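The values are calculated or read from the model by the stated rules, or taken from the named source; none is laboratory data. None of the values given here were measured: they were computed from a predicted structure. As a convention, Cβ positions derive from the backbone with ideal geometry for all residues, glycine included, and neighbour counts pool all protein chains shown. When the accessible area is computed, the model is the full protein with side chains, heavy atoms only, and any ligands, DNA or RNA have been set aside. Shrake-Rupley method; radii C 1.70, N 1.55, O 1.52, S 1.80 Å.
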Amino acid sequence: MKTSKGVKRRRVEKDGDAVVATKLRKEFGGLVAVSGLDLSIPKGTLYGMIGPNGSGKTTAIKMIVGRLRQTSGGARVLGEDSPLSARLADIGYMPQEMAIYTDLTVSENLQLFGSLYSMEREAYIKREEALLSMVDLSERRDSLVSQLSGGMKHRASLACAMIHDPEVLFLDEPTVGVDPELRVGFWQNFADLKARGKTIIITTHYMDEASRCDIVGMMRQGKLIAEGRPEELMERTSTSNLEDAFLEYSWRDSV
Amino acid sequence: MKWTRVLAIARKTLRSLKHDRRTVGFLVLMPLFMITIFGYTFGGSIKDVSVVVVNLDESDGNSSAAEAVLAELRAGGILKVERVYLLDPETDGYLGATDQAALVGSAVSEVESGDAWAAIVFWGNFTENVAQSVEDIGSVPTGGPGTITVYIDASNSNIAQAVMGEVRLTVQEVVVSEYHVLPPITVAEDRVYGEGAEFIDFFAPGVMGLAAMMVTFMLSIISFVHERSTGTLDRLLTTPATEGEIVAGYALALGLVGLIQSTVILVTAVALFQVQIVGSPLLVLLIIFVLGAGNQGLGFLLSSNAKNEFQAVQFMPIILFPSILLAGVFWPIEAVPDLLRPVSYFVPLTYAVEGCRSVMVRGWGLGDVWLQLAVLVGFAAVMLLLSALSLKKRR
Ligand SMILES: Nc1ncnc2c1ncn2[C@@H]1O[C@H](COP(=O)(O)OP(=O)(O)OP(=O)(O)O)[C@@H](O)[C@H]1O
Ligand SMILES: [Mg+2]
């Protein structure tokens with residue numbers, strides 16, 4: 001139980017952290033998906049995780065929200081050790097796979113999640129309206145999810161993760177397949193949430209999105225190879241965009 | 001355990017069923033189909049069984065006992081007399097032993113070839129022997145009784161029993177009506193339960209349990225394999241919904257599906273086959289609901305061992321066959337071989353069928369079927385508990 005004590009001490013030091021990971025590690029058979037990940041993400045941060053396919057982003061998030069058992073190490077969200085129980089009401093999670101009910105309508109999906117978070121009826125109705133207009137699905141609220149386009153399904157899934165206006169949002173590639181115009185709208189919304197003190201952890205493969213984050217963590221082979229504000233990362237590598245910065249860090253990591 | 005969340009899960013499960021028209025159709029029509037098919041095949045009584053008759057009796061006309069029995073057999077309706085082999089009138093009733101054997105031989109060959117189920121032979125001196133035996137009543141018999149031999153194809157024991165029963169009964173009747181001899185002993189039947197009950201009354205409760213069990217198990221295992229593979233289950237578990245609430249929500253939804261099906265079966269059975277429900281239909285539905293909830297749990301447990309829908313379906317026969325064969329759906333548990341009988345008592349359907357049958361045919365109440373209900377509640381509780389626990393285990 002050494003690690004959990006370590007985490008506790010850390011929390012006392014930095015009470016403002018929404019998400020903390022300590023030497024988080026996951027092996028699948030012989031494959032190391034995440035190897036010793038340390039994170040501390042202060043409340044009110046828009047945190048971007050980038051890294052190539054298979055670098056362990058999804059695995060790390062799943063362990064933090066408690067859906068995957070870590071091989072070793074630990075994670076805490078809002079002061080509770082993973083797997084969470086009391087704090088589940090305060091987090092929202094949009095998995096990378098669609099993970100909404102395709103045999104229900106958009107609105108029925110939202111209602112399900114709204115009820116699971118025990119939302120009041122009035123609050124829920126207001127919230128549903130706002131979210132549907134944010135993801136531009138107001139017109140399609142009564143369509144079965146299976147009949148939506150790929151990008152629309154992603155949008156519906158995002159809305160489900162945000163229905164209860166959670167303190168901490170884990171969004172695993174929320175903008176995949178979403179058209180540019182809506183993406184701009186999404187990021188505006190994320191910025192608003194942040195301004196209201198919410199914490200958002202986002203994975204993405206779009207560098208322009210990453211550069212809108214407060215802090216970017218670069219993952220490679222299950223490790224964090226660099227972390228900092230986007231300008232900082234570019235400055236330290238003398239590059240002009242995050243893509244080049246990532247390549248530079250990758251190269252440094254491999255030698 | 002928060003009921004609003006249980007209800008939310010139940011509602012979403014029923015809603016996704018509702019959107020799938022074909023599945024809704026299946027859920028309603030399958031039990032309808034089952035009870036109708038079973039009802040028409042097993043429900044009817046045996047009639048028009050093809051038989052041939054050999055009449056070697058030397059007395060003929062009004063005095064012939066053989067003719068009297070034959071006429072009664074024809075009138076009964078259970079047997080259909082295709083052909084009667086008679087003595088050659090030209091030889092004035094007399095035939096040598098070889099010719100008699102040949103006559104019987106051709107009748108039996110009709111049974112052998114499958115054209116008739118039985119060959120009924122009235123031997124020579126039939127009437128004479130019957131009359132003599134009647135005269136001898138009360139004193140030392142001077143000869144043998146009139147003899148009828150039935151050469152029977154007993155490959156179908158139901159038919160064989162029906163034929164033998166009909167012949168015996170007819171003979172008794174003729175003895176009374178023609179010779180005015182009353183049998184000295186009669187056995188009276190007074191039904192304690194099942195007044196007017198037929199075979200369909202026996203198996204309708206079984207079919208009901210079977211349909212509910214099949215469908216709740218199938219829906220449960222397929223739904224959960226789907227929930228696992230699409231990641232929705234993981235997502236549900238990142239909300240405040242607990243494992244217990246998710247499992248309870250599903251149990252509630254699928255229990256209701258079982259209820260709807262049982263209602264379809266009950267209504268069909270009553271309307272189409274005049275099945276009687278002596279006890280409370282609500283108690284029957286309660287039993288089915290608990291059975292459905294338990295099977296939902298069983299389906300859930302097995303779903304964690306299936307990687308996809310295809311593997312899930314492979315569990316169906318494993319669960320289904322013991323239930324169909326050993327739970328007393330179509331034949332009583334008393335007919336299950338000793339070796340397998342203990343297995344019957346481990347099949348939950350056994351208790352559901354027994355419970356429903358007792359309520360429907362015997363008119364028993366809650367106080368009489370509490371044991372069956374308790375076993376089912378126990379089964380459901382254990383299944384749902386294990387399901388919730390198995391959800392707690394993370395990869
Ligand atoms: N259930 C699993 N069983 C075995 N290996 C797995 C499993 N899940 C993930 N992995 C492996 O773990 C590694 C990290 O996967 P992960 O999904 O975390 O990557 P990612 O960074 O999210 O990639 P992407 O950008 O493609 O989403 C990969 O090599 C993957 O094959
Ligand atoms: Mg991923």
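Can you give me the ranges of the helices (runs of 4 or more DSSP H) entirely in the range A:108-195 with at least 1 residues that are modelled with pLDDT of 95 or more and within 16 Å of ligand 2 (Cβ to nearest atom)? First the steps, then the outcome.
Working: elements: A:121-134, A:150-162, A:180-195.
Because the criterion is at least 1 residues that are modelled with pLDDT of 95 or more and within 16 Å of ligand 2 (Cβ to nearest atom), the helices (runs of 4 or more DSSP H) in the range A:108-195 that meet it are A:150-162.
Residue-level check: of (1) surrounded by fewer than 20 Cβ atoms within 10 Å (Cβ to Cβ); (2) under 22 Å from residue A:41 (Cβ atoms), residue A:179 misses just (2). Quick one: which residue in A:93, A:101, A:124 is over 20 Å from the mean Cα position of the chain (by Cα) and surrounded by 23 or more Cβ atoms within 10 Å (Cβ to Cβ)? Sole residue among the options that is over 20 Å from the mean Cα position of the chain (by Cα) and surrounded by 23 or more Cβ atoms within 10 Å (Cβ to Cβ): A:101.
Quick check on this structure: which one of A:99, A:89 is touching a Pro at 6+ places or on another chain (Cβ under 9 Å) and of a type outside the set (Lys, Arg)? Talk me through it step by step, then tell me what you get.
On the way: A:99 fails: touching a Pro at 6+ places or on another chain (Cβ under 9 Å).
Sole residue among the options that is touching a Pro at 6+ places or on another chain (Cβ under 9 Å) and of a type outside the set (Lys, Arg): A:89.
Per the conditions (1) within 23 Å of residue B:34 (Cα to Cα); (2) open to solvent by 10 Å² or more (accessible area, probe 1.4 Å); (3) more than 14 Å from every other protein chain (Cβ to nearest Cβ), the sole criterion not satisfied by residue B:204 is (2). If only residues of the range B:24-38 that are without any contact (Cβ under 8 Å) to a residue 12 or more places away in the chain and within 22 Å of the chain's Cα centre (by Cα) are counted, the one that is surrounded by the most Cβ atoms within 10 Å (Cβ to Cβ) is B:33.
Taken together, the residues in the range A:86-104 that are within 8 Å of chain B (Cβ to nearest Cβ) and more than 16 Å from ligand 1 (Cβ to nearest atom) amount to 8.
Could you list, in sequence order, all residues of the range B:261-280 that are touching a residue at least 40 places away in the same chain (Cβ under 8 Å) and surrounded by fewer than 16 Cβ atoms within 10 Å (Cβ to Cβ)?
As a first pass, look at the range B:261-280 and keep what is touching a residue at least 40 places away in the same chain (Cβ under 8 Å): B:261-262, B:264-266, B:268-269, B:272-273, B:275-280.
Residues satisfying the conditions are B:272, B:280.
Scan the range A:241-249 and tell me whether some residue there is open to solvent by 70 Å² or more (accessible area, probe 1.4 Å), away from ligand 2 (no atom under 16 Å from the Cβ) and away from chain B (no Cβ under 14 Å). For the range A:241-249, residues open to solvent by 70 Å² or more (accessible area, probe 1.4 Å), away from ligand 2 (no atom under 16 Å from the Cβ) and away from chain B (no Cβ under 14 Å): present. Within the range B:331-352, the set of residues being part of a helix (DSSP H, G or I) and under 14 Å from residue B:377 (Cα atoms) comprises B:348, B:349, B:350, B:351, B:352.
Kindly establish whether residue B:254 is in a helix (DSSP H, G or I) and either over 30 Å from residue B:356 (Cα atoms) or open to solvent by 10 Å² or more (accessible area, probe 1.4 Å) (or both). Considered against the rule, which asks whether it is in a helix (DSSP H, G or I) and either over 30 Å from residue B:356 (Cα atoms) or open to solvent by 10 Å² or more (accessible area, probe 1.4 Å) (or both), residue B:254 comes out as no.
Residues in the range B:119-166 that are closer than 24 Å to residue B:85 by Cα, touching a helix residue (DSSP H, G or I) at 6+ places or on another chain (Cβ under 7 Å) and among the aliphatic types (A, V, I, L, M): B:119, B:120, B:121, B:130, B:148, B:150, B:152, B:154. When residue B:117 is tested against (1) open to solvent by 60 Å² or more (accessible area, probe 1.4 Å); (2) among the aromatic types (Phe, Trp, Tyr); (3) more than 22 Å from residue B:47 (Cβ to Cβ), just one condition goes unmet, and that condition is (3).
Entry remark, the range A:29-73: residues being β-branched (Val, Ile, Thr), away from ligand 1 (no atom under 14 Å from the Cβ) and touching a Leu at 6+ places or on another chain (Cβ under 9 Å) number 0 in total.
So if I check each of A:107, A:118, A:133, A:138, which one is within 20 Å of residue B:239 (Cα to Cα), more than 8 Å from every other protein chain (Cβ to nearest Cβ) and among the small types (Gly, Ala, Ser)?
Numbers: A:118 fails: more than 8 Å from every other protein chain (Cβ to nearest Cβ); A:133 fails: within 20 Å of residue B:239 (Cα to Cα); A:138 fails: within 20 Å of residue B:239 (Cα to Cα).
When all the criteria are applied, what remains is A:107.
Before we move on, is residue A:36 away from ligand 2 (no atom under 15 Å from the Cβ) and farther than 26 Å from residue A:248 by Cβ? Break it down into steps so the answer makes sense when it comes.
Details: away from ligand 2 (no atom under 15 Å from the Cβ): yes; farther than 26 Å from residue A:248 by Cβ: no.
No; evaluated as a whole, the condition is false for this residue.
Of everything in the range A:56-72 that's open to solvent by 10 Å² or more (accessible area, probe 1.4 Å) and among the β-branched types (Val, Ile, Thr), which residue is farthest from ligand 2 (Cβ to nearest atom)? For the range A:56-72, the residue satisfying everything is A:71.
Please specify each residue of the range B:283-330 satisfying the condition of being over 26 Å from residue B:372 (Cβ atoms), in a helix (DSSP H, G or I) and polar (S, T, N, Q). Listed by number, the residues that qualify are B:303, B:311. A single member of B:188, B:197 is in contact (Cβ under 8 Å) with a residue 60 or more places away in the chain, among the small types (Gly, Ala, Ser) and not in a helix (DSSP H, G or I), and it is B:197. Outside any strand (DSSP E or B) and more than 16 Å from ligand 1 (Cβ to nearest atom): is that true of residue A:76 in this structure? No: the conditions fail for residue A:76.
Does the range B:207-230 hold any residues that are away from chain A (no Cβ under 14 Å), out of contact with any Ser or Thr (no Cβ under 7 Å at 6 or more places or on another chain) and among the β-branched types (Val, Ile, Thr), and which are they? Residues satisfying the conditions are B:207, B:215, B:216.
Keeping to the range A:127-141, report how many residues are without any contact (Cβ under 8 Å) to a residue 12 or more places away in the chain and open to solvent by 50 Å² or more (accessible area, probe 1.4 Å).
If we filter the range A:127-141 for residues that are without any contact (Cβ under 8 Å) to a residue 12 or more places away in the chain, which is where we start, we get A:129-130, A:133, A:138-139.
Now drop any that are not open to solvent by 50 Å² or more (accessible area, probe 1.4 Å), which leaves A:129-130, A:133, A:139.
Qualifying residue count for the region: 4.
Could you identify the single residue in B:266, B:254, B:233, B:259 that is on the phi < 0 side of the Ramachandran plot and within 14 Å of chain A (Cβ to nearest Cβ)?
Details: B:266 fails: within 14 Å of chain A (Cβ to nearest Cβ); B:254 fails: within 14 Å of chain A (Cβ to nearest Cβ); B:259 fails: within 14 Å of chain A (Cβ to nearest Cβ).
Criteria check complete, one pass: B:233.
Out of contact with any Asp or Glu (no Cβ under 6 Å at 6 or more places or on another chain) and in contact (Cβ under 8 Å) with a residue 40 or more places away in the chain: is that true of residue A:54 in this structure? Against the criterion (out of contact with any Asp or Glu (no Cβ under 6 Å at 6 or more places or on another chain) and in contact (Cβ under 8 Å) with a residue 40 or more places away in the chain), residue A:54 does not qualify.
Could you list, in sequence order, the residues of the range B:120-134 that are outside any loop (DSSP other than H, G, I, E, B) and either aromatic (Phe, Trp, Tyr) or loosely packed, with under 13 Cβ neighbours inside 10 Å (or both)? Break it down stepwise before answering.
If we filter the range B:120-134 for residues that are outside any loop (DSSP other than H, G, I, E, B), which is where we start, we get B:120-122, B:126-134.
Answer for the range B:120-134, where residues must be outside any loop (DSSP other than H, G, I, E, B) and either aromatic (Phe, Trp, Tyr) or loosely packed, with under 13 Cβ neighbours inside 10 Å (or both): B:122, B:126.
Sort through A:244, A:208 and tell me the only one that's within 22 Å of the chain's Cα centre (by Cα), part of a helix (DSSP H, G or I) and of a type outside the set (A, V, I, L, M, F, W, C).
Working: A:244 fails: within 22 Å of the chain's Cα centre (by Cα).
On inspection, the qualifying residue turns out to be A:208.
Among the criteria (1) open to solvent by less than 20 Å² (accessible area, probe 1.4 Å); (2) within 11 Å of another protein chain (Cβ to nearest Cβ); (3) of a type outside the set (S, T, N, Q), the one residue A:144 does not fulfil is (1).
Taken over the range B:303-338, the criterion of being in contact (Cβ under 8 Å) with a residue 60 or more places away in the chain and of a type in the set (Asp, Glu) is satisfied by B:309 alone.
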